[in-house]
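**Q** Input: one structure, supplied below.
The values are calculated or read from the model by the stated rules, or taken from the named source; none is laboratory data. Worth saying up front: this structure is predicted, and the values here are computed from it rather than measured. No Cβ is skipped: glycine too gets one built from the backbone with ideal geometry, and neighbour counts run over all protein chains shown.
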Amino acid sequence: MLKIVAKRTLIEGSLEKYTAVVQELADQSRQEPGCVEYALYVNREQNVAAIIETWENQEYLDAHLKLVEAGGYRDRLNAYAEPGQPVQVEKYEFVY
């Protein structure tokens, strides 16, 4: 299994609009084969949002990323990211 953590520092006041885009993406992603988890977490004090996803394997993740690109979600989500604060994407493999 693979765990993906994608964090963005949001533009002040954009959480509601950002959440609407994530909700649309999460609802679709949860229907995809191989999706175990797809959720949004927020640290309101730091104005950071983290999309945390779990996929059964790399093939399912690769198929998901193609759909993300085709739907323009990366650009739509990045529109609410604080300029100069790059998106941090981390990938973890399940061990135990």
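**Q** Exactly one of (1) free of Cβ contacts under 8 Å to residues at least 12 places away in the same chain; (2) in contact with a strand residue (DSSP E or B) (Cβ under 9 Å, 6 or more places away or on another chain) is unmet by L10. Its number?
**A** (1)
**Q** Just give me the residues in region 13-36 being assigned to a loop (DSSP other than H, G, I, E, B), of a type in the set (S, T, N, Q) and in contact (Cβ under 8 Å) with a residue 24 or more places away in the chain, in sequence order.
**A** Within region 13-36, S14 is the sole residue that qualifies.
**Q** Read through the list (1) touching a helix residue (DSSP H, G or I) at 6+ places or on another chain (Cβ under 8 Å); (2) closer than 15 Å to S29 by Cα, then give the number of the only condition that A49 fails.
**A** (2)
A quick yes/no check of all residues on (1) surrounded by fewer than 17 Cβ atoms within 10 Å (Cβ to Cβ); (2) under 14 Å from R74 (Cα atoms); (3) at pLDDT below 95; (4) over 12 Å from the mean Cα position of the chain (by Cα):
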residue	(1), (2), (3), (4)
K3	yes, no, no, no
R8	no, yes, no, no
G13	yes, no, no, yes
K17	yes, no, no, yes
E24	yes, yes, no, no
E32	yes, no, no, yes
C35	no, no, no, yes
Y41	yes, no, no, no
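**Q** Given (1) assigned to a loop (DSSP other than H, G, I, E, B); (2) in contact with a helix residue (DSSP H, G or I) (Cβ under 8 Å, 6 or more places away or on another chain), where does A39 come up short, assuming only one miss?
**A** With (1) assigned to a loop (DSSP other than H, G, I, E, B); (2) in contact with a helix residue (DSSP H, G or I) (Cβ under 8 Å, 6 or more places away or on another chain) applied to A39, the lone miss is (1).
**Q** Further, regarding this structure: What are the residues in region 42-96 that are under 17 Å from K7 (Cβ atoms), assigned to a loop (DSSP other than H, G, I, E, B) and not aromatic (F, W, Y), if any?
**A** R44, E45, Q46, N47, A79, E82, P83, G84, Q85, P86, V87
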